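The structure appears right after this line, and notes come after that.
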Amino acid sequence: MANKLYQGTGHRKSSIAKVTMVSGKGNIVVNGRDVNEYFPFPTLVMDLKQPLVYTNTADKFDIKVEVMGGGFSGQAGAVRLGITRALLEYDKNTDPTSDSSFRKILKAKGMITRDSRIKERKKPGLKKARKAPQFSKR
């Protein structure tokens, strides 16, 4: 019997991550490379693994991620949301009101909500979105 696939898509800033989860030993591959090799900072790796840690499934699934756009921080946030959504798909038959449901656990930690903050547009007459040119009295 083939392993069941669980998929989730995550967005953060201008990054998009497509996450595919199958049962396995806990390997995470991002764009064909190991997660520790792809992300330059261990804090980003720790951040994207949080949903797995909170649900005690860190060594239960192999995860394959395709991520594009943005920088490392946005990509890590997108992967985290994608993993969360894949875990929710895996656990969709559990009663959401029970204390052991992934939805209740992850909702309490703030993992389900998409962080909608994006770069603010540049305004005319300003150097950046809010930074004004230097004022000269004379």
### Task
Tally the residues that are within 19 Å of residue 90 (Cβ to Cβ) and surrounded by fewer than 17 Cβ atoms within 10 Å (Cβ to Cβ), restricting the search to region 21-49.
7
### Message
If I ask for residues that are at negative phi, over 14 Å from the mean Cα position of the chain (by Cα) and not hydroxyl-bearing (Ser, Thr, Tyr), which ones from region 30-58 would you list?
### Response
33, 34, 36, 37, 40, 41, 42, 58
### Query
Within region 63-77, is there a residue that is among the acidic types (Asp, Glu), out of contact with any Cys (no Cβ under 9 Å at 6 or more places or on another chain) and at pLDDT below 95?
no
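The values are calculated or read from the model by the stated rules, or taken from the named source; none is laboratory data. Note that the coordinates shown come from a computational prediction; the quantities given were computed from them, not determined experimentally. Here the Cβ is made from the backbone with ideal geometry for all residues, glycine too, and neighbour counts use every protein chain on show.
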